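Presented below is the structure to which this report refers.
The values are calculated or read from the model by the stated rules, or taken from the named source; none is laboratory data. The model shown is predicted, which means the values in this text are computed figures rather than measured ones. Here the Cβ positions follow ideal geometry from the backbone for every residue, glycine too, while neighbour counts run over all protein chains shown. Ligands, DNA and RNA are excluded from the accessible area calculation, which covers all protein heavy atoms including side chains. Shrake-Rupley method; radii C 1.70, N 1.55, O 1.52, S 1.80 Å.
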Amino acid sequence: MLLDAASLYFRAFYGVPTTVTTPDGRPINAVRGFLDMTSRLVTAHRPDRWVACWDDDWRPAFRVAALPTYKAHRVAAEGGEEVPDELGPQVPVLVEVLAAAGLARVGAPGYEADDVIGTLATRARGPVDVVTGDRDLFQLVDDARGVRVLYTNRGINDLEFVDEAAVAAKYGIPGRAYADFAVLRGDPSDGLPGVVGVGAKTAAALINEFGSLAGIRQAADCAVVPRPPLTAAVLKKLHAAAGYLDAAPEVVAVVTTIDLPPVDGDLPRRPADPDALAALAAQHGLESSVRRLGAALGWERD
């Protein structure tokens, strides 16, 4: 089980009231929510291994160099990612709690959590569940390898299980074609403009006709007599977006080849540092969440 950590702690922050506080009155809702989500996921799905995948770089330079609009609307005035004031101080607390609990947390300099997930999913020798609210990771689904997404759009208690059939049903494209579809359609939440005038329906029709973005561009370059779905209007739009189409695939594609050290990820049979975990729980008012986490991990049975 690979968690898109930022996706989940943002969801926790907005899903749990900020009135959930530490004993001295500081909001701790994101940490509490993240731990409780983890307990529910472990209890419901019983993974053998679990890794919180981290954004060591939420807006990597190689993606910005390819497409300067990438996440540009989410850059704070002072630089860095725009994060709610009440969430920022909670992230280091979550890092400390995960370390004391012995739960694996992995990031990579210069890469997003998506890339860590892609690399670990590609390395895995068995089935993989990716837990995220980010559709970009739909590109990783692979029925042959047992890689699926547990999509949190409806909440952690009502996960949408996304495999190749689900991608095909949702978007009308082959199950492994999501990245090319996203390039064409765009994604405003990531500052990805897409091909102007080409929406989801046209993008799906083009992919189904020509198989891939490369196939579409080759057909556009060779088209003599336009025909649906490669009409004269669509041809004009594709040619106008040539620069974008050169750059965007590198931005959208999840990296699957990061040079990461070996990652264990085995669920801890006991806390890595029980004293530190107890102290953190008391300091931040997390005793009940830590107890639930321990119950989910079987600490009480040991």
Subject >> Sorted peptide list for 271-279, 136-144, criterion being average Cβ within 10 angstrom, highest first >> reply: 136-144, 271-279
Original post:
So in the chain, what percent of DSSP beta bridges are antiparallel if you round to the nearest 5?
Top reply: 40 percent
Subject >> Distance in nm between pseudo-label sites at residue 196 and residue 227 (7 Å out along the Cβ direction from Cα) >> reply: 3.0 nm
Subject >> Surface share of carbon and sulfur [accessible, 1.4 angstrom probe, percent] for the chain >> reply: 53 percent
Subject >> Spacing of the two label points (7 Å from each Cα toward its C-beta) at residue 278 and residue 123, in nm >> reply: 3.4 nm
Original post:
If you wrap a convex hull around the C-alpha atoms of region 83-210 and split its volume per residue, what is the figure in Å³?
Top reply: 157 Å³
Original post:
For region 148-220, with the dipole built from +1 on Lys and Arg beta-carbon atoms and -1 on Asp and Glu ones, taken about the Cα centre, which of 161, 195, 219 lies farthest toward the positive end?
Top reply: 219
Original post:
Once every DSSP H run of n ≥ 4 in the chain is given -39500 (n - 2.57) and the sum is divided by its residues, what mean residue ellipticity at 222 nm do you get, rounded to the nearest 500 deg cm²/dmol?
Top reply: -13500 deg cm²/dmol
Original post:
Under a plain spin-label model, where a point goes 7 Å from the Cα along Cα-to-Cβ, how far apart in nm are residue 257 and residue 144?
Top reply: 1.9 nm
Original post:
Dividing the alpha-carbon radius of gyration of region 1-47 by 2.2 N^0.38 Å (N being the number of residues), what value is obtained?
Top reply: 1.22
**OP:** Determine the gain in length on full extension of the stretch residue 43-residue 69; use 0.36 nm per residue of separation and subtract their C-alpha separation, reporting nm with one decimal.
**Re:** 5.3 nm
Original post:
Where the convex hull is taken over the Cα atoms of the chain, what is its projected area averaged over directions, in nm²?
Top reply: 16.7 nm²
Original post:
Which of the lysines could a cross-linker bridge to residue 201, judged by Cα under 20 Å and excluding same-chain residues fewer than eight apart?
Top reply: 170, 236, 237
**OP:** Over the chain, give the accessible area per residue in Å² for a 1.4 Å probe, as an integer.
**Re:** 46 Å²
Subject >> Sites residue 154 and residue 208 - FRET efficiency at Förster radius 25 Å, r taken between beta-carbons, to 0.05 >> reply: 0.35
**OP:** Alpha carbons only, please: Rg and Dmax for region 28-89, in angstrom.
**Re:** 16.0, 42
Original post:
Beyond 14 Å, what share of the Cα-Cα pairs of region 23-62 remains, rounded to the nearest whole percent?
Top reply: 66 percent
Original post:
Is any helix in the chain, taking whole DSSP H runs, at least 18 angstrom long along its axis by alpha carbon and on average at least -1.0 on the Kyte-Doolittle scale, and which ones?
Top reply: 29-45
Original post:
Between region 86-107 and region 278-296, what's the alpha-carbon centroid distance in Å?
Top reply: 13 Å
Subject >> Two-site FRET efficiency, residue 187 against residue 287, from Cβ-Cβ distance with R₀ of 25 Å, rounded to 0.05 >> reply: 0.05
Original post:
On the first, second and third principal axes, largest extent first, how far apart are the outermost C-alpha atoms of region 204-302 in Å?
Top reply: 72, 28, 25
